[in-house]
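> My questions will all concern the structure given below.
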Amino acid sequence: MLGAVGKSAAASNGALNEPNGVPQAAQVSGSSPELEKWVDEVPRPGVIEPQGTKEGQPYYEVEIQEVEQDIHRDLPSTTVWGYDGQYPGPTIEATRGEPIYIRWQNTLPDEHLLPVDTTIHGDKVPYDTTSSRVVTHLHGGNVEHESDGKPLAWFTQDFEETGPKFTKKDYHYVNDQPASTLWYHDHSLGITRLNVYAGLAGFYLLRDESEPELDLPSDEYEIPLVLQDRTFNDDGSLFYPTGVSEENTAESRPEPSIVPQFYGDTSVVNGKAWPRLTVEPRKYRLRLLNGANSRFYNLKLLEYDESAGTTGEEGPSFTLIGNDGGFLPEPVQITDRLQLGSSKRADVVVDFSEYAGQTLLLHNNAPALFRGSVGDDAEDTKPLPEVMVIDVEGTEPVADPSRVPSSLGRVPEIPIDSADRNRYVTLATQTDEYDRPVHLLGTGENITGNHLYDPVTETPTLGTTEIWSIANITGMSHPVHLHLVHFQVLGHQPFSDFDPDADTIDPASLDPPRTNEQGWNDVVTVDPGEVAHIIVHFGEYDGLFNDQTGHYMWHCHMLEHEDHDMMRPLEVLPDDSGNNGGKCERPVDDENRDSGGPIFE
């Protein structure tokens, strides 16, 4: 059974466009200097090699450093934080079934590059005593909880100070999951938004030994692209808002103060501002990642007149071959636009063979404050439309041995009737002690939201299957991420049609999964006034993934939101039943379970 709180009770807590009466405060923003677009080529981060072995497995050491980097030809060098001294970090390539060890080594200076609001989890984070804190999360990794990179496992330079959940220096990634586009990024409690914005992110590509048999574009014709937005000061330094302006200095607000969302005014791809990508007239495999703090992307390739700065007809389409968790069963043609919420990945093939000698624009029409639709011309919701240009060389197609096969990967369906539990969870908004909006995750018993340190309410048992019905009663879209697991999207429905007391979910009553939600996902976008239904199995499933128990997280992946306070613990319990394949006959009694301590104390 789902939670006992009905629709009317949830709706009574506030209108959907302004949840609980909380206005979404505008970002106090700066403005980048005017930069000539399309003057720098998109860089391709190199692949890092292991330094040796540990217990017979490849061993990497990756230094987290402060460096100077040229983001644009006409900008002075920008101080960034980078893995292995570069932004984005080096690509890590691993093979399915072959574990590796990584030591993430913090060599950062004590002082942060960006304004730190010490009120965010100030009772848990010793802001006044620690130097720069980091902890790296392998996003999409089906890994042991000690290596998950949880927010309280942070550490300072040379591990001099560590957070209460720090347990080991060398992380162990078992790589026992389908080949996929993963990525790694910082996850430090209260400053994730700042550390990622400073540059701490990179690709982790998990490959399968059988992948070459697919004959997909490879080597120089396979390009990982991380899409981000930034704002720069005239001296080239990164601008990030303090959240305080002349209009609100009289308010009882700390300075600096966290902002509800961040939207930059400059497109940055693979660490270059307003770049161009040169390709041959043939097929390419593009691994797209939305690495922005808050921005959604809604992408399409358009013909582009660079001299006039105008767009023309539609360009080549995206053929989606994989999502967050690996290959789809078969390729899917994206006929409209490709939507990516923060942290979402899309593995696509683009055929440029019919566009020799032309210039294309990767165009985005998602408003900055995304509410599941486009077309709002209000000043504070304008998109960042120009992402990068693509120059297609030559005058005619070139020899191209690659192909898009009709069959790609194995994605066994998780039957709805196999679910051991239905969970009703909510996305909500309240205000904090400074009258700032604070985004929260709730349950059917507390739809207005729980805080990070409240006792854990999501406690699945290893070997069980759950349906999560995620109801968004806020005024914006949220990309919701579950650590450890990958899930399948069952569909969406209006909140007004949702019955939280129903015994099961009828897929026929739902809007089907969106085109980019097929296959395995670890992020699902839930639009305002909507319920997204997902089905997730905890542990190995039909020969895929692996069994893990322990403490993980689930959260909104808009980084300002997860920092404040839209993140909750997820504890996978061991199967103590000794029968029924790990399935429980009735739901875990979360309400009476006191589990706050083990995760946060």
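> With N set to the number of residues, divide the alpha-carbon radius of gyration of segment 44-210 by 2.2 N^0.38 Å and report two decimals.
Segment 44-210 yields a ratio of 1.04.
> Please state the relative contact order of the chain as a whole percent: Cα pairs under 8 Å, 6+ residues apart?
16
> What number do you get for segment 57-148 when its Cα radius of gyration is normalised by 2.2 N^0.38 Å, N = residues?
Ratio of Cα Rg to 2.2 N^0.38 Å: 1.31.
> Here is a follow-up. So if I take the alpha carbon set of segment 371-425, get Rg, then get Rh from the Kirkwood formula, what is the Rg over Rh ratio?
When Rh is taken as the Kirkwood radius, the ratio is 1.20.
> Right, something else. What's the long-distance tail for segment 326-406, i.e. % of Cα pairs beyond 14 Å?
When all Cα pairs of segment 326-406 are counted, 74 percent exceed 14 Å.
> Given LYS169/LYS272; LYS150/LYS300; LYS150/LYS272; LYS283/LYS344; LYS272/LYS300; LYS37/LYS283, which pairs have Cα atoms separated by over 27 Å?
Beyond 27 Å between Cα atoms: LYS169/LYS272; LYS150/LYS300; LYS150/LYS272.
> Still on this structure: Based on the alpha carbon coordinates of segment 219-392, what radius of gyration and maximum Cα-Cα distance (Dmax) apply, in Å?
Here Rg and the maximum Cα pair distance are 17.9, 59 Å.
> Here's another thing I want to ask about it. For ILE120, ILE71, ILE191, ILE414, which order do you get if you count the other beta carbons within 10 Å of each Cβ and list the fewest first?
So the ranking, lowest neighbour count to highest, is ILE414, ILE120, ILE71, ILE191.
> Test of the criteria: in segment 353-403, which GluC sites (Glu not before Pro) are in a DSSP loop and have at most 16 other Cβ atoms within 10 angstrom of their Cβ?
The qualifying sites are GLU393.
> By how many nm would the segment from GLU36 to LEU302 lengthen if fully extended, with 0.36 nm per residue of separation less the alpha-carbon distance?
This chain segment gains 93.7 nm when fully extended.
> Under 8 Å for C-alpha pairs, at least 6 residues apart: give me the relative contact order for segment 219-392, rounded to a whole percent.
25
> Quick one: order HIS72, HIS439 by neighbouring beta-carbon count within 10 Å, fewest to most.
HIS72, HIS439
> Calculate how large, on average over all directions, the projected area of the Cα convex hull of the chain is; give the answer in nm² to one decimal.
Convex hull of Cα atoms, orientation-averaged projection: 26.2 nm².
> Here is a further query. Go ahead and estimate [θ] at 222 nm for the chain from helices alone: -39,500 (n - 2.57) per DSSP H run with n ≥ 4, summed, over the residue count, rounded to 500.
-1000 deg cm²/dmol
> Let me check I've understood the local charge: for SER218, count other residues with C-beta under 11 angstrom from its C-beta, Lys and Arg +1, Asp and Glu -1. What total comes out?
Here the charged neighbours net out to -2.
Computed from the coordinates by the stated procedures, all read-outs in this text should not be read as laboratory data. A quick note: this is a predicted structure, and the numbers were derived from the prediction, not measured. All Cβ positions, even for glycine, are placed from backbone atoms using ideal geometry, and neighbour counts span all protein chains on display.
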